[in-house]
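For reference, the structure discussed in these notes is given below.
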Amino acid sequence: MSWKMTSREWAGVVLLWGLAFCGGAWAQISLGDFHATANGNIEADYAGEFGNLQGSDHSLGLGGSGTINGYYYNPNFVSFSMLPYYGRSQDNSDSQSITDSSGYTGTLNIFNASHYPGFFSVHQNWNSSGTFGIPGVAGLTTENNGHGIGLGWSFLFPEKPSLSIGYAEGSSSSSLLGSATTTAATNKNFDVRSAYLVDGFQLTGGFIHVNANSGVAGLVDGETENTETSSNEYYAIASRPIPYRGSSFSVAFNRGSYDTDDSIAGQSNGTTDNLTANVNLLFPRLPVSVVTNYTDNIFGSYEQQLVNNGQAPVAGIVSPESRSLSVTASTYYTVMPGAMVGGYATRSEQYFDGQDYGLTQFGVTGSYGFSRLLKGLRIMAGVVDSADQEGNTRAGLVGNVFYDRQHGRWDIQSFVRYDQNTQTLLVIYTTSSLNYGGTVKVRLPHDLRWVSIANCARSVFQQVSGDENRSESFNSMLLWTRATMSANYSQSKGTSVFTASGLVQTPVPGSVLSPENATLYNGVSYGGTFKVNPVHNMAISTAYERTGSNSISPLLSSNNGSTLYTGLLQYEFRKVIFTAGATKFNQHIFPSSTPPSMLTSYTFGITRWFKGF
């Protein structure tokens, strides 16, 4: 271990104390038509680090964050902002980064109040902490670097079609701590949008182009997956009021195409056209809504969503031929105050991979809200009957129960939702889902408050045994004027698709996915926080978080765990803040060719708020 201080850090300490004694006396800077202000925090600290994440060391360091705002001539002519930060971690700030993260974001706005406003933005981050997503739980920690730019220009003239053009590009790299898995991604986006009001029609249209390249290295057995994708989307929307009691009509067309080359799943491409028409007729006491939707590529529409989100398609082949046409008519009738009856009818015709499917559904629902006895309770229940080409299928049930009521010191909000025979991507697959939970708030003596939140969800594909997604989460908080204590627990399991940013829950059965893409996951996370202000201007906070998960797939089967302890003390005296912090982190990925990532660190520092100019 070493203890040394570079010339840059010595200069930073001198600058810190210079700002501490004279920085607050500076005012806004003005040079002709140029005006700017700056403020922020500069920190000098002593740090100790142990473990294999950043090595073992003792050092004096410099960190801080700032905000610079300004304009030229007039804020509506040219304005800018810059937010830099350096050496920010969980030891010395609320940045929530395991490592000492640095970076900046900046924005330049041009001609804001004119008919042709524009903007330019830039961002950069080094060594920031991120998350490899696991549905429903906290996920695993990653270390990230990235940068990007964006620019746009608009032409907005009264009674003329508007035009907005935007472009953005960026790149990022990430490493999953505790493993050899690394990811790298680049993306470029271009979009054009326009809107116009003519003869009572509100017209909107646009074009979006996306290029994305991503790579995942260090998978089990040395597998590396590289994906190159491009997509185009054209859309047009027309809407118009109908001169009858506020009724309306709208029609929308969308064409999307994608082309992807995945080193594991292979090449895939597809084009999808969607046409949707919607009519709302507000008849007295019995309004009617009719929605018609046509899709010429059912499976491709789902793959398009994955590509637009930077993910590989679920199939390694050209999308099978498919199309769908559905018409839904619905209405409702208010029987009396608080009581309502509704109904709908849907007819769907689908063709998928050489087979025709048809489904007709009729549904009736009723709801009632109690106003006196059982006040705050509202119940909705319904029956859905379905028939396909093979005959009548079993009836499905729909039910919702809501309760929202305050009883003295108690404030209770709860719900239960159940849906059976709900339509999914394909007509041949139906789901059954149950979602329930609520919030309880209690005002206790001595300015104490207790809040608890629960949410549980479960969904299954009825025709496919074992295809189930479920999650449970619980949060509880005890609040006081000087202290807050909280605890949380969550778990989830189901079928997902593996992507560069983590696991993404799939809305289709695992049997529809190509074998390389289906990943079964099971995760759990729990933790707690404690914050207290024992005296004026002093804050102490601690936190604990633990995540465990496992996944099974043909390409990646793993057992993972992560543990994080943090503590931070801050005491403010005028414009100076004294800080002390500690972090203990451990994360393992099994199997992996690298040892678990471990870090134990602590800092003691002095932070000075300053107004630079």
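Is there a residue being among the β-branched types (Val, Ile, Thr), in contact with a strand residue (DSSP E or B) (Cβ under 7 Å, 6 or more places away or on another chain), farther than 30 Å from Ser459 by Cβ and in a strand (DSSP E or B) anywhere in the range 125-148? Checking the range 125-148: not a single residue is among the β-branched types (Val, Ile, Thr), in contact with a strand residue (DSSP E or B) (Cβ under 7 Å, 6 or more places away or on another chain), farther than 30 Å from Ser459 by Cβ and in a strand (DSSP E or B).
Applying the condition of being assigned to a loop (DSSP other than H, G, I, E, B) and aliphatic (A, V, I, L, M) to the range 175-218 and asking which residue is surrounded by the most Cβ atoms within 10 Å (Cβ to Cβ) yields Leu177. All of (1) modelled with pLDDT under 85; (2) surrounded by 14 or more Cβ atoms within 10 Å (Cβ to Cβ) hold for Asn392 with one exception: (2). Within the range 532-555, being within 30 Å of Tyr521 (Cα to Cα) and in contact (Cβ under 8 Å) with a residue 40 or more places away in the chain holds for Glu545, Thr547, Ser549, Ser551, Ser553, Leu555. Tell me whether the range 220-230 contains one or more residues that are over 26 Å from the mean Cα position of the chain (by Cα) and either in a strand (DSSP E or B) or farther than 27 Å from Lys493 by Cα (or both). No, there is no match, as no residue in the range 220-230 is over 26 Å from the mean Cα position of the chain (by Cα) and either in a strand (DSSP E or B) or farther than 27 Å from Lys493 by Cα (or both).
Restricting the first member to the range 267-289 and to residues that are over 25 Å from Asn232 (Cα atoms) and touching a residue at least 40 places away in the same chain (Cβ under 8 Å), and the second to residues that are part of a strand (DSSP E or B) and not aliphatic (A, V, I, L, M), the beta-carbon pairs closer than 6 Å and six or more apart or on different chains are Leu286/Thr331; Leu286/Tyr333; Val288/Thr331; Ser289/Asn280; Ser289/Ser330. When we screen Gly106, Gly66, Gly70 for residues that are surrounded by fewer than 18 Cβ atoms within 10 Å (Cβ to Cβ), in contact with a strand residue (DSSP E or B) (Cβ under 8 Å, 6 or more places away or on another chain) and at pLDDT 90 or above, the only hit is Gly106.
When the range 116-137 is filtered for residues that are touching an Asp or Glu at 6+ places or on another chain (Cβ under 9 Å) and farther than 25 Å from Pro84 by Cα, only Gly136 remains.
Every residue, every condition in (1) within 22 Å of Ser324 (Cα to Cα); (2) surrounded by fewer than 16 Cβ atoms within 10 Å (Cβ to Cβ), yes or no:
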{"site": "Tyr235", "(1), (2)": "yes, no"}
{"site": "Pro243", "(1), (2)": "no, yes"}
{"site": "Asp262", "(1), (2)": "no, no"}
{"site": "Gly270", "(1), (2)": "yes, no"}
{"site": "Asp273", "(1), (2)": "yes, no"}
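For the range 584-608, give me each residue that is of a type in the set (S, T, N, Q), under 19 Å from Gly567 (Cα atoms) and either surrounded by 23 or more Cβ atoms within 10 Å (Cβ to Cβ) or more than 28 Å from the chain's Cα centre (by Cα) (or both).
Of everything in the range 584-608, those that are of a type in the set (S, T, N, Q), under 19 Å from Gly567 (Cα atoms) and either surrounded by 23 or more Cβ atoms within 10 Å (Cβ to Cβ) or more than 28 Å from the chain's Cα centre (by Cα) (or both) turn out to be Gln587, Thr600, Ser601, Thr603, Thr607.
Restricting the range 563-613 to residues that are without any contact (Cβ under 8 Å) to a residue 40 or more places away in the chain and of a type in the set (A, V, I, L, M), which is nearest to Val532 (Cα to Cα)? Per the criteria, the residue is Leu569.
For residues that are among the basic types (Lys, Arg) and part of a strand (DSSP E or B), scanning just the range 544-587, find the one that is nearest to Glu49 (Cα to Cα). Only one residue fits best here, namely Lys584. Applying the condition of being modelled with pLDDT of 90 or more and either surrounded by fewer than 15 Cβ atoms within 10 Å (Cβ to Cβ) or touching a His at 6+ places or on another chain (Cβ under 6 Å) (or both) to the range 407-433 and asking which residue is nearest to Val364 (Cα to Cα) yields Trp410.
Which of the residues spanning the range 473-492 are part of a strand (DSSP E or B) and either of a type in the set (S, T, N, Q) or surrounded by 19 or more Cβ atoms within 10 Å (Cβ to Cβ) (or both)?
Within the range 473-492, Ser473, Asn475, Ser476, Thr484, Ser486, Asn488, Ser490, Gln491, Ser492 qualify.
Quick check on the range 175-185. Is at least one of its residues under 30 Å from Asn586 (Cα atoms) and touching a Pro at 6+ places or on another chain (Cβ under 8 Å)? Yes, that holds for at least one residue. Residues that are surrounded by 17 or more Cβ atoms within 10 Å (Cβ to Cβ), of a type in the set (A, V, I, L, M, F, W, C) and assigned to a strand (DSSP E or B) are absent from the range 154-162. Looking at Tyr351, Tyr368, Tyr357, just one residue is among the aromatic types (Phe, Trp, Tyr) and modelled with pLDDT of 85 or more, and that residue is Tyr368.
The values are calculated or read from the model by the stated rules, or taken from the named source; none is laboratory data. The shown structure was predicted, so the numbers you read here are calculated from the model rather than taken from an experiment. Neighbour counts run over all protein chains shown; Cβ positions are idealised from the backbone, glycine included.
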